[in-house]
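The values are calculated or read from the model by the stated rules, or taken from the named source; none is laboratory data. It should be emphasised that the depicted structure is a prediction, and the values quoted were computed from it without experimental measurement. Ideal geometry is used to build each Cβ from the backbone, glycine not excepted, and the neighbour counts take in all protein chains shown. The area values use the complete protein model at the heavy-atom level, side chains included, leaving out ligands, DNA and RNA. Shrake-Rupley method; radii C 1.70, N 1.55, O 1.52, S 1.80 Å.
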Amino acid sequence: MTQPLTARQQNVYDFIVKTMGDHGYPPTRAEIARALGFRSPNAAEEHLRALERKGAIRIVRNTSRGIRLPAQEAPDEPATDTAGNGETPQGLPIIGEVAAGSPILAAEHIDRYCPLPAEYFTPKADYLLRVRGLSMKDVGILEGDLLAVHRTERVRDGQIVVARLEDEVTVKRFKRQGHHVQLTAENADFTPINIDLRTQALDIEGVGVGVIRGGNGQALG
């Protein structure tokens, strides 16, 4: 942050940070307005622009949840073995393409390491998954972003999950009713994926706990 914030701007910034910590994605303008008692989303937009001018956030245009925190931007360079002793680099592994049938954290899937502690996210992140495509763009998860993922098989309706469907790993919003699961994109151009657990295999690789602006290269999502 390069300039001090007014009390109202600090409230908006704190709400953004809390929403990203609780849900793994930023709030919409309407959600900010509703939570902080603004008369309209336009008032929230004015505060967001002020925060951007002061360097507190970065706005991604043409997305409803296009808010980024510069403090969470991933460094461009990978961690290296500076000691020269072959030890595993410290930080969160960044996962690229995942081969069919192999564990998501297999060594061959790790592009590099990001020097962020797991506890930077709540709950802690176990890895960063590079996003491919725009199926989740309406919650501000874009091509090339890094989705921070907490490994767990226990998920709740409405959470953004990393799911494995046969040979494919995908990022979608989870909803379950009995034996049926629906994986929904946050982009009207994509149709939901419907799974009948009695006849189809579905593995949950984790839940999204944060988003970091990523680098170049192929991605998942």
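Odds and ends about this structure:
- Residues that are of a type in the set (A, V, I, L, M) and assigned to a helix (DSSP H, G or I), drawn from segment 43-61: A43, A44, L48, A50, L51
- Scan of segment 196-207 for residues that are under 28 Å from D126 (Cα atoms) and surrounded by fewer than 12 Cβ atoms within 10 Å (Cβ to Cβ), ordered by number: A201
- Among the residues making up segment 61-73, those that are modelled with pLDDT under 80 and either surrounded by 11 or more Cβ atoms within 10 Å (Cβ to Cβ) or not charged (D, E, K, R) (or both) are N62, T63, S64, R65, L69, P70, A71, Q72, E73.
- Close pairs from segment 55-83: first hydrophobic (A, V, I, L, M, F, W, C), partner modelled with pLDDT under 50, Cβ under 6 Å, at least 6 apart: A56/M1
Conditions tested, residue by residue: (1) within 28 Å of K137 (Cβ to Cβ); (2) modelled with pLDDT under 75; (3) exposed (fewer than 12 other Cβ atoms within 10 Å of the Cβ).
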{"site": "P75", "(1), (2), (3)": "yes, yes, no"}
{"site": "D81", "(1), (2), (3)": "no, yes, yes"}
{"site": "G86", "(1), (2), (3)": "no, yes, yes"}
{"site": "I94", "(1), (2), (3)": "yes, no, no"}
{"site": "A99", "(1), (2), (3)": "yes, yes, no"}
{"site": "D111", "(1), (2), (3)": "yes, no, no"}
{"site": "P115", "(1), (2), (3)": "yes, no, no"}
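- Of the criteria (1) modelled with pLDDT of 90 or more; (2) of a type in the set (D, E, K, R); (3) within 15 Å of the chain's Cα centre (by Cα), which one E143 fails: (1)
Condition check ((1) modelled with pLDDT under 95; (2) exposed (fewer than 11 other Cβ atoms within 10 Å of the Cβ); (3) among the aromatic types (F, W, Y); (4) within 17 Å of V211 (Cα to Cα)) across all residues:
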{"site": "T152", "(1), (2), (3), (4)": "yes, no, no, no"}
{"site": "V155", "(1), (2), (3), (4)": "yes, no, no, no"}
{"site": "L165", "(1), (2), (3), (4)": "yes, no, no, no"}
{"site": "T170", "(1), (2), (3), (4)": "yes, no, no, yes"}
{"site": "L183", "(1), (2), (3), (4)": "no, no, no, no"}
{"site": "A188", "(1), (2), (3), (4)": "yes, yes, no, no"}
{"site": "N194", "(1), (2), (3), (4)": "no, no, no, no"}
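- Within segment 22-42, restricting attention to residues that are part of a helix (DSSP H, G or I) and open to solvent by less than 30 Å² (accessible area, probe 1.4 Å), the residue that is farthest from K54 (Cα to Cα) is A33.
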